[in-house]
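The next block holds one structure in the form of structure tokens; read it before the comments.
The values are calculated or read from the model by the stated rules, or taken from the named source; none is laboratory data. Source: prediction; values computed, not measured. Cβ sites come from the backbone with ideal geometry, for glycine too, and all protein chains shown count toward neighbours. Surface areas here come from the heavy atoms of the whole protein model, side chains and all, with no ligands, DNA or RNA. Shrake-Rupley method; radii C 1.70, N 1.55, O 1.52, S 1.80 Å.
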Amino acid sequence: MSPEEKFTKLVTANGLTEADVWKAVLEASGIQVFLRHEAMAAVIPETAGEIAAVDLWVPREQAAEALQILQDERVEPADGDEPV
């Protein structure tokens, strides 16, 4: 099973700072988080939009729980979709 089959994209943060906060919240709840595209956001931190976007990926079986935790923090799902 590939990593993409074990994990799902949960949300897209508007930069590395936001992604790090969300990651810390989820990890404090025992949910493993991987960041994707954080290198570009780290290299050019003052950019905005798609260049600074960082995706948060979580284990599929914990996606619903992770989404609920972030919704409590007023974070919207990636692309307006529920995790699969």
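Values as computed for the structure displayed
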read-out	value
Any hit, the range 31-38, residues being on the phi < 0 side of the Ramachandran plot and modelled with pLDDT under 90	yes
Test for ARG74: is it open to solvent by 80 Å² or more (accessible area, probe 1.4 Å), modelled with pLDDT under 90 and under 10 Å from the mean Cα position of the chain (by Cα)	no
Leading residue by the ranking (nearest to the chain's Cα centre (by Cα)) among those in the range 7-26 that are more than 12 Å from LEU70 (Cβ to Cβ), of a type outside the set (A, V, I, L, M, F, W, C) and in a helix (DSSP H, G or I)	ASP20
